[in-house]
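Below is one structure; the comments refer to it alone.
FYI, it's all coordinate maths here, none of it is from the lab. Only a predicted model underlies this, so the values are computations on that prediction, with no experimental measurement involved. In this analysis, Cβ positions are derived from the backbone assuming ideal geometry, glycine residues included, and neighbour counts consider all displayed protein chains.
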Amino acid sequence: MMPSSFSRRRWPVLQAALGVACALPCAGMAASVPLVGNVQAGQAAFKLCSSCHQVGPRAHAGFGPQLTGVVGRAAASTRDYRYSEALQKSGIVWSEAKLAAFLRNPDALVPGTRMRFWGLSDEQKIADLLAYLKSSAPASGPLTR
């Protein structure tokens with residue numbers, strides 16, 4: 001039944017607008033479902049990072065800090081790398097969410113960071129990298145040297 005205040009021409013426009021307005025929240029819900037990372041794909045994606053970072057039992061700092069056990073570790077906490085003052089003062093503990101934000105845009109999360117990286121926009125690649133970094137953690141937890 002059409003409301004009396006609407007003409008026959010306006011009613012279909014209102015119906016379409018309401019349909020879009022009701023569908024948008026549902027579309028946002030699908031986008032917020034966390035992606036599952038693939039360790040092997042993350043290892044392949046880590047090649048983007050390997051010119052500056054290392055992961056593994058013999059990893060050490062190079063142009064960037066080693067990332068073994070980085071998930072759960074306080075930012076700027078390895079002893080074999082000279083971190084920016086901004087990262088030292090950030091107070092960040094590298095959760096998956098913080099690492100994902102840093103991978104998307106390092107300067108947005110930590111203005112003044114030394115990390116020179118444009119960032120990743122591919123959410124699946126970020127999830128894969130996080131899965132790989134989590135898999136590199138030593139059995140005893142985050143590694144600090």
Which residues qualify? For Ala137, with a placed amide H closer than 5 Å and at least 5 residues away or on another chain, they are Gly69
Among 47-55, 63-71, the order from most to least packed when residues are scored by Cβ within 10 Å on average
63-71, 47-55
Lys, Arg +1 and Asp, Glu -1 on Cβ, resulting dipole of region 32-126 about Cα centre, debye, nearest 20
260
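Could you give the Stokes-Einstein D for region 39-135 in µm² per second, using the C-alpha Kirkwood radius, 20 °C, 1.002 mPa s? Intermediate values should be presented prior to the final figure.
Details: Rh = 13.4 Å.
Translational D for this selection: 160 µm²/s.
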